[in-house]
Amino acid sequence: MGACCSIPSKTGLHSHATTNSGTEFSSMTTTTAATTSSSVGRRSQFSEVASECSNGIISDSGLILESPNLKVYTFLDLKTATKNFKPDSMLGQGGFGKVYRGWVDAKTLAPSKAGSGMIVAIKRLNSESVQGFAEWRSEVNFLGMLSHPNLVKLLGYCREDKELLLVYEFMPRGSLENHLFRRNEPFPWELRIKIAIGAARGLAFLHGLQREVIYRDFKASNILLDSTYDAKISDFGLAKLGPADEKSHVTTRIMGTYGYAAPEYMATGHLYVKSDVYAFGVVLLEVMTGLKAHNTKRPRGQESLVDWLRPELSSKHRVKQIMDKGIKGQYTTKVATEMARITLSCIEPDPKNRPHMKDVVDALENIRKLNIVPDRSSTKQAVASSSRASPLHHQYGYRAGALGTERKKTTPGRFGVENGIVA
Ligand SMILES: Nc1ncnc2c1ncn2[C@@H]1O[C@H](COP(=O)(O)OP(=O)(O)OP(=O)(O)O)[C@@H](O)[C@H]1O
């Protein structure tokens, strides 16, 4: 019930002229009537779970919305909100476009002048991107319907001629990737485990729906952080509805990010819910070591973090050697070995042997409770300094990982049709 009532209703906010023109999207959110009728069909894609409440269905502390409560913006609205996409308001850049800081009215979500109202993140997709429309539509379909404390909130969208934009709640502490790899000070263990638990809860929610959602692109750069480092999964561009009936997998074009994609998916195109569990295990390995999932700058044989370090995870002694040196003293040996155990199970080559995300959540929560280190002052100091540092001023350069140095500014390469590498 709490989750239900905490979701603010934005019914009636579709006041701007709708600009949808494409047939694929035209039935989605154009008018209240259309929204209601189309959303009934869409809701059934997900499930008939748990109890109903006034604006949706509650499921595992999340909510499947009755209708997508999204505001439709014009391109001019979003130009105004971002000061004409001024370069200095850019928050980051991904494979499909740039993300800008913008301002909207906190109540109506109407665009406002910089400095008044609330900050939002506005993603503007590259107009030349072939894959862009499909990703944009997937984001609107999934994030428009699902609501959970560990999924980033989509507030609205714009589609006008070739312009495709998405408006999200602003996540002031950026992504886990920024903290793990792009800053000079090591990121504290307590925050790493807190974030891992939050992200695991988000995935568990998706996997717990009656018609499961396979996220398909789980990675550190898609875990965004609010002001208190609560994690929210963003970027549903590659998400897929899980198999219908008794099937175990869906077969799909191979797309994702090097280093995170599960071996069975890379080899066959068969995508399982457990393929997400594999990617989650890769993120856990990054969290433990402070090293990137895939880095072509590492020596031969070490490019793939999993291939390189998987053998180390089953030895208590060797696990200590691979932990990020920067956070020494912030966790106990027991914690490191338990982390290694759960990581190893997530990256099992056979998807059947990987745990369910809800079990991963439980395991991580237990690990968090286990971590009674003798002297917590180093952790407290590290947390305080991490909280003081502004996430909006990422320092680029080098930082020490456990086993060497990792160059900061390299986003793991995405693959798929967009850049022509289809396995
Ligand atoms: N809601 C948000 N609040 C604050 N910053 C954001 C938000 N969404 C994205 N960003 C910033 O923009 C960057 C780019 O995000 P985006 O989702 O486009 O790409 P990515 O996940 O980094 O890479 P890829 O597109 O290759 O998967 C993020 O790393 C983050 O720093």
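The values are calculated or read from the model by the stated rules, or taken from the named source; none is laboratory data. Note that the structure is predicted; figures quoted are calculated from it, not measured. Neighbour counts run over all protein chains shown; Cβ positions are idealised from the backbone, glycine included. For accessibility, only protein heavy atoms count, side chains too; no ligands or nucleic acids. Shrake-Rupley method; radii C 1.70, N 1.55, O 1.52, S 1.80 Å.
Some observations on this one:
- For the range 70-114, trypsin sites (Lys or Arg not before Pro) are listed when DSSP marks them as loop and at most 16 other Cβ atoms sit within 10 Å of their Cβ; the list is Lys83, Lys107, Lys113.
- Gain in span if fully extended, Glu185 to Lys320, counting 0.36 nm per residue against the direct Cα distance: 46.6 nm
- Karplus 3J(HN,Hα) series, Hz, for the range 320-333 with 6.51 cos²θ - 1.76 cosθ + 1.60 (x for Gly, Pro): 4, 6, 8, 5, 4, 4, x, 10, 4, x, 9, 9, 8, 4
- Projected onto their three principal axes, the Cα atoms of the range 115-237 cover extents of 46, 42, 29 Å, largest first.
- Put a dot 7 Å past the Cα of His356, heading toward its Cβ, do the same for Val130, and the two dots end up 4.0 nm apart.
- Accessible surface of His356, taken over heavy atoms with a 1.4 Å probe and every protein chain present, rounds to 100 Å².
- ³J(HN,Hα), Karplus 6.51/-1.76/1.60, whole Hz, each residue of the range 154-164, x for Gly, Pro: 8, 9, x, 7, 9, 9, 9, 6, 8, 7, 10
- Accessible surface of the range 192-339 [probe 1.4 Å, protein heavy atoms]: carbon and sulfur percent: 48 percent
- Annotation: for a label point projected 7 angstrom from Cα along Cα→Cβ of Ser227, residues of the range 170-199 with backbone N closer than 15 Å are 170-174.
- Globularity ratio of the range 277-328, using Cα Rg and 2.2 N^0.38 Å: 1.08
- Å² per residue, accessible surface of the range 116-259 at 1.4 Å: 30 Å²
- Among the listed pairs Lys98/Lys320; Lys86/Lys162; Lys113/Lys153, those whose Cα-Cα separation exceeds 29 Å are Lys98/Lys320.
- Close amide-amide hydrogen proximity is noted between Phe170 and Ala121, each under 5 Å apart and 5 or more residues distant or on a separate chain (H modeled in the peptide plane; Pro and chain starts excluded).
- The range 84-178: relative contact order as a whole-number percent, Cα under 8 Å and 6+ apart: 22 percent
- The range 250-310 and the range 146-176 have Cα centres spaced 25 Å apart.
- Backbone N under 20 Å from the Arg341 label point (7 Å along Cα→Cβ), restricted to the range 297-320: 310-320
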